[in-house]
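What follows is a single structure, written as structure tokens, with notes after it.
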Amino acid sequence: MKILLAGGAGFIGSHTCIELTKAGYDVVIADNFSNSKPEVLNRINQLTGKEIPFYQIDVADKAALDGLFTQENIDAVIHFAGYKAVGESVEKPLMYYKNNMDSTFSLIEVMEKHGVSNLVFSSSATVYGIPKTVPLIEGMDTGCTNPYGWTKLMNEQILTDCAKANSSLSIVLLRYFNPIGAHPSGRIGEDPNGIPNNLLPYITQVAAGKLKKLGVFGNDYDTPDGTGVRDYIHVVDLAKGHVAAIDYADKHKGTEIFNLGTGVGYSVLDIVNAFEKSNNIKIPYEIKPRRSGDIATCYADPAKAFNVLGWKAEKNLDDMCKDAWNWQSNNLKGYDV
Ligand code: UFG
């Protein structure tokens, strides 16, 4: 079975490529390197021992995508392609709506043209908006606080409607919580453009001496230590969730939503302490004002993914912190060699 990874050269796509290959799937990657680097492909080929077919295209480009589908015998698609910086989406909403929706339109149209029915979509816990209660369950209310989040929720709606109209479609919507860590080999990992927005890449760059100190965004939230609580999940566990989702999509029709998280929430200071302990490195930090749009607490109820997909996260916070640092310390410039 051959799986197209749209946006497959990114952080989650690259790890999913490894896990799918290990599970015996053939994989094809399409990416325009808007937030990834060509070097990741060499690393993937080394780790898998295979030459993974690659197409440097924008998946919103329907003609290019059609060419790919004509060339390759694709059985299913995982759609990772999209911009993902929350703050940037507030400043450039049209750019986000255009990019993140157009890629889905062309993927679905080209899939239908070529008789491909199975699609796994990278959604996000951000679609729960400001949670009324935690843990978050798939059937709970949704609503977003920024354009990035809306693109995820709108994509979920569009794909759900497409599956209602075309009974041969099988759509799996995966709501990711906070993916961190890296492949245990230290060969692939997260390589953000510029100054990182997210907590773990920021911490690893402080540890590497590239940034002076971490700013902790708020210590007056209604949480045990006042800092924000999130459900951090090892990216390899997350990648394995995609393998389970592809399997599921092959055996079912219609739309299904799954949280991919651990079910455990850690605060920003929990993460700083765990990172220091796992790697024996001090992370200087200072308390800063709250970041606009942040919520106090967000963590998953991952029971549905376990009951239906047979998937659950296996790795702990120590694995996440060690693997994140192993990647960063061995690749101080990320994929720039
Ligand atoms: N944080 C800091 N300092 C930093 C960066 C983050 O204190 O320099 C804090 C945040 O305030 C938050 C926590 O660390 O409490 C996690 O922040 P991240 O930016 O790492 O992650 P978010 O939870 O804000 O966002 C992530 C993804 C989004 C996704 C969301 C879903 O980046 O794409 O999870 O819940 F939408």
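The values are calculated or read from the model by the stated rules, or taken from the named source; none is laboratory data. Bear in mind that the values here come from a model prediction, so they are computed numbers and not experimental data. When we count neighbours, we look across all protein chains shown, and the Cβ atoms used for this are built from the backbone with ideal geometry, even at glycine. Ligands, DNA and RNA are stripped out before the accessible areas are found, and what is left, the full protein with its side chains, is counted by its heavy atoms. Shrake-Rupley method; radii C 1.70, N 1.55, O 1.52, S 1.80 Å.
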Where the centre of each part is set by its Cα atoms, how far does segment 80-139 sit from segment 214-272, in angstrom? 16 Å
Report, in degrees rounded to the nearest 10, the 0 to 90 angle that the Cα long axis of helix 147-165 makes with the longest principal axis of the chain. 30 degrees
My understanding is that a pair violates if its Cα-Cα distance is over 23 Å; which of LYS240/LYS315; LYS37/LYS251; LYS152/LYS253; LYS2/LYS113 do that in this structure? LYS37/LYS251
Long-range HN-HN contacts of ILE257 with modeled amide H, under 5 Å: LEU173
Can you give the accessible area per residue of segment 1-137, in Å², using a 1.4 Å probe? 41 Å²
Report the accessible area of GLU112, computed with a 1.4 Å probe over the heavy atoms of all protein chains in place, in Å² rounded to the nearest 10. 80 Å²
Note the angle between two axes, namely the Cα long axis of helix 11-22 and the longest principal axis of the Cα atoms of the chain, as a number of degrees from 0 to 90, rounded to the nearest 10. 60 degrees
Among ILE246, GLY334, ILE287 - extreme Cα towards positive end, dipole of the chain, charges at beta-carbon: ILE287
Once Lys and Arg get +1 and Asp and Glu get -1 on their Cβ, which of ASN146, THR133, VAL120 lies farthest toward the positive end of the dipole of segment 99-205? THR133
Out of residues 5 or more away from VAL216 or on other chains, whose amide H comes under 5 Å of its own, with H placed 1.01 Å from N in the peptide plane? GLU286, ILE287, LYS288
Carbon plus sulfur fraction of accessible area for the chain, probe 1.4 Å, in percent: 50 percent
Quick calc, the chain, dipole around Cα centre from Cβ unit charges on Lys, Arg (+) and Asp, Glu (-), nearest 20 debye, gives 520 debye
Under the rule of at least 5 residues apart or a separate chain, name every residue whose amide H is placed under 5 Å from the amide H of ILE233. ASN178, ILE180
Could you tell me how many degrees, from 0 to 90 and to the nearest 10, lie between the Cα long axis of helix 317-330 and the main elongation axis, the longest principal axis, of the Cα atoms of the chain? 80 degrees
